[in-house]
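Visitor: Take a look at this one; I'll ask things after.
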């Protein structure tokens, strides 16, 4: 299935049950009628364990890594570790008989699976481990479990998954109550069989996360792949948090693009979170708050209101020119993944699309999308940008992006250094040529610029240009009015490209600095590996030196350099990049207002002094401290007078979307 | 057989040092399940299904706990006999919960 058919903003539009996004984010607290929107039966895990702990819930604040700004508050769904989501809790009355059969079948199959595992384990791991698995098999087959789950399913008319979950959660919670006893450890066994039964039940009918949600819920998961995150609909999933993952993962980029507040890298939280009624995602501070008390909820509601007011004010300033106090103009561009984001780019005053990622056409696809399919997508974006430039990047799949389609190669031991991105395109004309043809055809409709990712050498650039020229010749011969000159640029995201920028600059029309990969490759840090993620820093002097080299090469050659990585949209770095000589920044549209504010609040000469100082500092930490202090100083003034105040409802669609941070 | 409403009771004491943890409980359940009669275990005025590993685990019977076994229905006497023997033999486990090699396999008496 093409991801476009499940494009988040498109596919939920017709759902009558979907509340407006701003409402979804802010239920208004337990006393507000807003909370009733979810109904009492719509909290899959909240009703678990009904026999204990009925009322008093203790707030827990958990620190993770902020990956997408904004605030979301509401009921929660815990997605199973296997990545499968639980179905809706309630089922129709007429479905009860079938669901009972499904329950019995699930228990039977889960028991069989556990016993098979036990036999296998006996040979491989010895009899003692096998005995544990045998015990799990027995527990799954337990007459009491089956009786209670059946009763609960029938009486409450709930799905088999929830019946099992609620019965076993009750047992697990009681066992956990035996603190200090070996019985407390039995809770883990109960959770283990719970997982076995659930995966057996869910495995029979996997569904996209949000399709099982009857109402908006915050998703908690061990991890979400970029394509899973891409499938999230902000109106149905107002926020998410994961145990794994980190700041610069593609999941983070997707979350920011979808404007879903998100926190990652929380460590083991799911067991603790599964009984929560309400959680808050603070995507600015990287916090997950379980069962927030009333004061905390009130605090976040106020924060959200302030945020929406501020965003409304900033959005109104969108069409003012972006220049520093001393008159240096900076171009702000938008990064997009989906056609639907063009509206936000225009609304928030982007001069064009600085990065149109095309991976999502390919993700989840059995076959690579054809030329016509791609053309339709590109053409729609080019037309809606109405003459403003659209920079389309050729396929950049590989590394942590999951490709449903990836020809010819087995698993790579080191995919970040393997056949990915432009290397893959150059190797496989069946992927590359249709994409280039579609891009060039779209160029007949507006200002399209072609961007090649992950260029490491001049030879690669030349090979890519040759392919492009070949395709252009074909299209002209076929009668397509392809423009005489197509603007071609490369992503500078491999240190080799930065080091060779002077030569590369002679053969391209522009550079686009992809800071995420540039940092990863320069520091040799896997940005999604939470154990080393702290070593990943945009403030590292080595990265700044490489950016300086690129800027210098561009200046000599008279071509522009855009920063389109995460760094470009962070206020902390905007001033530094300006000082380093960057005059174009491209970022997810929701970051535009805040960066505009930064640009308009500073002086170029201050930025230059800051950059010079930063370049002299030997460690990332010292650079970061410098930037932090400089930003604080630059932004002491409030953003607007009261005369400019705008009611939050003026931009209802953006409320709580983490717009500004 | 279906008319058989024999009821058999027996007081037992858990004497293995780790109490009725998972492995002994599993042995108990396995043995109890071989008999057609109902098997109940009474502890502190609560009654548990002797064929349910979950319920026996929840019973949290430590070493020294006194239990009343109740069997109701066909083969009730034999069931009580076998189960009481299993308990008094400390589930054929030593102090560390390791299986005692010389233990005779528990058979449903007849």
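The values are calculated or read from the model by the stated rules, or taken from the named source; none is laboratory data. Not measured: the values here are computed from a predicted model. Note: ideal-geometry Cβ built from the backbone for every residue, glycine included; neighbour counts use all protein chains shown.
Residue-by-condition table, conditions (1) assigned by TED's automatic domain parsing to the domain that holds residue A:519; (2) farther than 30 Å from residue A:342 by Cβ; (3) surrounded by 19 or more Cβ atoms within 10 Å (Cβ to Cβ); (4) over 27 Å from the mean Cα position of the chain (by Cα):
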residue: A:540; (1), (2), (3), (4): yes, yes, yes, no
residue: A:543; (1), (2), (3), (4): yes, yes, yes, no
residue: A:547; (1), (2), (3), (4): yes, no, yes, no
residue: A:563; (1), (2), (3), (4): yes, no, yes, no
residue: A:567; (1), (2), (3), (4): yes, no, yes, no
residue: A:570; (1), (2), (3), (4): yes, no, yes, no
residue: A:579; (1), (2), (3), (4): yes, yes, yes, yes
residue: A:587; (1), (2), (3), (4): yes, no, yes, no
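Visitor: Okay, next question. Look at segment A:88-132 and say how many of its residues are at pLDDT below 75, within 14 Å of chain B (Cβ to nearest Cβ) and touching a helix residue (DSSP H, G or I) at 6+ places or on another chain (Cβ under 8 Å).
Guide: 4
Visitor: Test each condition in (1) surrounded by fewer than 21 Cβ atoms within 10 Å (Cβ to Cβ); (2) more than 14 Å from chain B (Cβ to nearest Cβ) for residue A:162 and report the one that comes out false.
Guide: Of (1) surrounded by fewer than 21 Cβ atoms within 10 Å (Cβ to Cβ); (2) more than 14 Å from chain B (Cβ to nearest Cβ), only one is false for residue A:162: (1).
Visitor: Which one of these does residue A:315 not meet: (1) outside any loop (DSSP other than H, G, I, E, B); (2) at pLDDT below 90; (3) in contact with a strand residue (DSSP E or B) (Cβ under 7 Å, 6 or more places away or on another chain)?
Guide: Only one criterion in (1) outside any loop (DSSP other than H, G, I, E, B); (2) at pLDDT below 90; (3) in contact with a strand residue (DSSP E or B) (Cβ under 7 Å, 6 or more places away or on another chain) is unmet by residue A:315, namely (3).
Visitor: While we're looking at this one, here's another question. Of the conditions (1) in a helix (DSSP H, G or I); (2) at pLDDT below 80; (3) within 12 Å of chain B (Cβ to nearest Cβ), residue A:149 clears all except one; give me its number.
Guide: Residue A:149 satisfies every listed condition except (2).
Visitor: Could you check how many residues of segment A:173-221 are more than 10 Å from every other protein chain (Cβ to nearest Cβ), at pLDDT 80 or above and over 19 Å from residue A:106 (Cα atoms)?
Guide: Residues that pass the stated criteria total 8.
Visitor: Residue B:78 versus (1) within 30 Å of residue A:176 (Cβ to Cβ); (2) assigned to a helix (DSSP H, G or I): which is the lone unmet condition?
Guide: It fails just one condition, (1).
Visitor: Now a separate question. Yes or no: residue A:241 buried (at least 21 other Cβ atoms within 10 Å of the Cβ) and modelled with pLDDT of 75 or more? Show your work before the answer.
Guide: Working: buried (at least 21 other Cβ atoms within 10 Å of the Cβ): yes; modelled with pLDDT of 75 or more: yes.
Considered against the rule, which asks whether it is buried (at least 21 other Cβ atoms within 10 Å of the Cβ) and modelled with pLDDT of 75 or more, residue A:241 comes out as yes.
Visitor: Another question about this same structure. Only residues that are touching a helix residue (DSSP H, G or I) at 6+ places or on another chain (Cβ under 7 Å) and not in a strand (DSSP E or B): list them for segment B:60-75, please. Walk me through it before giving the result.
Guide: Step one: filter segment B:60-75 for residues touching a helix residue (DSSP H, G or I) at 6+ places or on another chain (Cβ under 7 Å), giving B:60, B:69, B:71.
B:60, the sole residue that qualifies.
Visitor: Kindly establish whether residue A:451 is modelled with pLDDT of 95 or more and in the same structural domain as residue A:487 (by TED's automatic domain parsing).
Guide: Numbers: modelled with pLDDT of 95 or more: yes; in the same structural domain as residue A:487 (by TED's automatic domain parsing): yes.
Judged against the criteria, residue A:451 is a match.
Visitor: Something else: Residue by residue through segment B:19-47, note down the ones that are facing chain A (nearest Cβ under 9 Å) and in contact with a helix residue (DSSP H, G or I) (Cβ under 7 Å, 6 or more places away or on another chain).
Guide: B:21, B:22, B:23, B:25, B:26, B:29
Visitor: Moving on to the next point. Tell me whether segment B:23-37 contains one or more residues that are surrounded by 18 or more Cβ atoms within 10 Å (Cβ to Cβ), more than 16 Å from residue B:90 (Cα to Cα), touching a strand residue (DSSP E or B) at 6+ places or on another chain (Cβ under 7 Å) and modelled with pLDDT under 85.
Guide: no
Visitor: Considering only segment A:281-313, state which residues are under 22 Å from the mean Cα position of the chain (by Cα) and more than 28 Å from residue A:596 (Cβ to Cβ).
Guide: Correct list: A:288, A:289, A:290.
Visitor: Among the numbered criteria (1) modelled with pLDDT of 80 or more; (2) buried (at least 22 other Cβ atoms within 10 Å of the Cβ); (3) part of a helix (DSSP H, G or I), which single criterion is violated by residue A:354?
Guide: (3)
Visitor: Do you know which residues across segment B:4-18 are modelled with pLDDT of 85 or more and either assigned to a loop (DSSP other than H, G, I, E, B) or in contact with a helix residue (DSSP H, G or I) (Cβ under 8 Å, 6 or more places away or on another chain) (or both)?
Guide: Here is the first cut: in segment B:4-18, the residues modelled with pLDDT of 85 or more are B:6-15.
B:6, B:7, B:8, B:9, B:10, B:12, B:13, B:14, B:15, listed by residue number.
Visitor: Right, another one. Could you grab me the full set of residues in segment B:37-59 that are free of Cβ contacts under 8 Å to residues at least 40 places away in the same chain and assigned to a loop (DSSP other than H, G, I, E, B)? Write out each step before concluding.
Guide: Initial filter on segment B:37-59 (free of Cβ contacts under 8 Å to residues at least 40 places away in the same chain): B:38, B:40-59.
Of everything in segment B:37-59, those that are free of Cβ contacts under 8 Å to residues at least 40 places away in the same chain and assigned to a loop (DSSP other than H, G, I, E, B) turn out to be B:44, B:45, B:50, B:51, B:52.
Visitor: Out of A:496, A:464, I need the residue that is in contact (Cβ under 8 Å) with a residue 24 or more places away in the chain, surrounded by 19 or more Cβ atoms within 10 Å (Cβ to Cβ) and on the phi < 0 side of the Ramachandran plot. Which one?
Guide: Details: A:496 fails: surrounded by 19 or more Cβ atoms within 10 Å (Cβ to Cβ).
None of the other options fit; the residue is A:464.
Visitor: Follow-up question, since we're still on this one. Just checking, how many residues over segment B:48-83 are surrounded by 16 or more Cβ atoms within 10 Å (Cβ to Cβ), closer than 15 Å to residue B:16 by Cβ and either away from chain A (no Cβ under 14 Å) or at pLDDT 95 or above (or both)?
Guide: 2
Visitor: Can you name the residue in segment A:500-520 that is assigned to a loop (DSSP other than H, G, I, E, B) and buried (at least 21 other Cβ atoms within 10 Å of the Cβ) and is also farthest from the chain's Cα centre (by Cα) among such residues? Outline the logic, then answer.
Guide: First pass over segment A:500-520, keeping only residues assigned to a loop (DSSP other than H, G, I, E, B): A:500, A:508-509, A:514.
Applying the additional criterion that residues be buried (at least 21 other Cβ atoms within 10 Å of the Cβ) yields A:508, A:514.
On the way: A:508: 31, A:514: 17 Å.
This residue is A:508.
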